[in-house]
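Notes follow the structure.
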Amino acid sequence: MTLDPVKLEQLVSAAKEARGRAYAPYSHYRVGAALLTKRGGVFAGCNVENASYGACLCAERNAVGTMIAAGDSEPVACVVVTKGPRAGSPCGICRQVLSEMARDMLIVLIGEAEDGTEEGRRETTLAALLPDAFEGSQL
């Protein structure tokens, strides 16, 4: 899967900006995510922690909620920005939520240094991260 380089960098910028706003007082692991939809919309989200860990929101799910609330759908790409030389990957719940929105999409994972420079970038797909996603039609 490929994406126009200008659109990709727009997504990266939105995810990095969202990461800067993350609320992570417990783990100090700030995450930003941004989705690009088929219609060209860009929707960002950040992780929001809570002392009751089950109430935490992941950046990817936050971005999906923002997309849905704005009346858009059909994401075609997602950028996730985390700390470190090896970028973190969406958790299982986020993978499943993303799969509810699109069977497959480009996923770009970026590790960021404290000074904001990229330490690592890798591309994958949602299908590679979640090859046997649960489908609502299985009910």
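The values are calculated or read from the model by the stated rules, or taken from the named source; none is laboratory data. Since we're looking at a predicted model, the values are computed, not measured. With ideal geometry, Cβ positions are generated from the backbone for all residues, glycine too; neighbour counts draw on all protein chains shown.
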- Message: With the structure loaded, tell me whether Ala63 is assigned to a strand (DSSP E or B) and under 12 Å from the mean Cα position of the chain (by Cα) or whether it fails that test.
- Response: no
- Query: Which residues, taken from segment 101-139, are modelled with pLDDT under 95 and of a type in the set (Lys, Arg)?
  - Reply: Arg103
- Ile68 versus (1) out of contact with any strand residue (DSSP E or B) (no Cβ under 8 Å at 6 or more places or on another chain); (2) modelled with pLDDT of 95 or more; (3) among the β-branched types (Val, Ile, Thr); (4) under 17 Å from Glu9 (Cβ atoms): which is the lone unmet condition? (4)
- Reported set for segment 1-16 where residues are assigned to a helix (DSSP H, G or I) and surrounded by 13 or more Cβ atoms within 10 Å (Cβ to Cβ) is Lys7, Leu8, Gln10, Leu11, Val12, Ser13, Ala14, Ala15, Lys16
- Message: Can you say whether Leu98 is touching a helix residue (DSSP H, G or I) at 6+ places or on another chain (Cβ under 6 Å) and modelled with pLDDT of 95 or more, as far as the supplied structure shows?
- Response: yes
- Given (1) under 22 Å from Ala22 (Cβ atoms); (2) surrounded by 13 or more Cβ atoms within 10 Å (Cβ to Cβ); (3) in contact (Cβ under 8 Å) with a residue 24 or more places away in the chain, Thr125 misses just (1)
- Note on the structure: Residues of segment 99-120 being surrounded by 14 or more Cβ atoms within 10 Å (Cβ to Cβ) and over 14 Å from the mean Cα position of the chain (by Cα), in sequence order, are Glu112, Glu118, Glu119, Gly120
- Provide a single number: the residues in segment 63-80 that are crowded, with 17+ Cβ neighbours inside 10 Å and either more than 10 Å from Leu35 (Cα to Cα) or of a type outside the set (A, V, I, L, M, F, W, C) (or both). 3
- State whether the residues of segment 25-35 include one that is over 25 Å from Ala127 (Cβ atoms), part of a loop (DSSP other than H, G, I, E, B), free of Cβ contacts under 8 Å to residues at least 12 places away in the same chain and among the hydroxyl-bearing types (Ser, Thr, Tyr). no
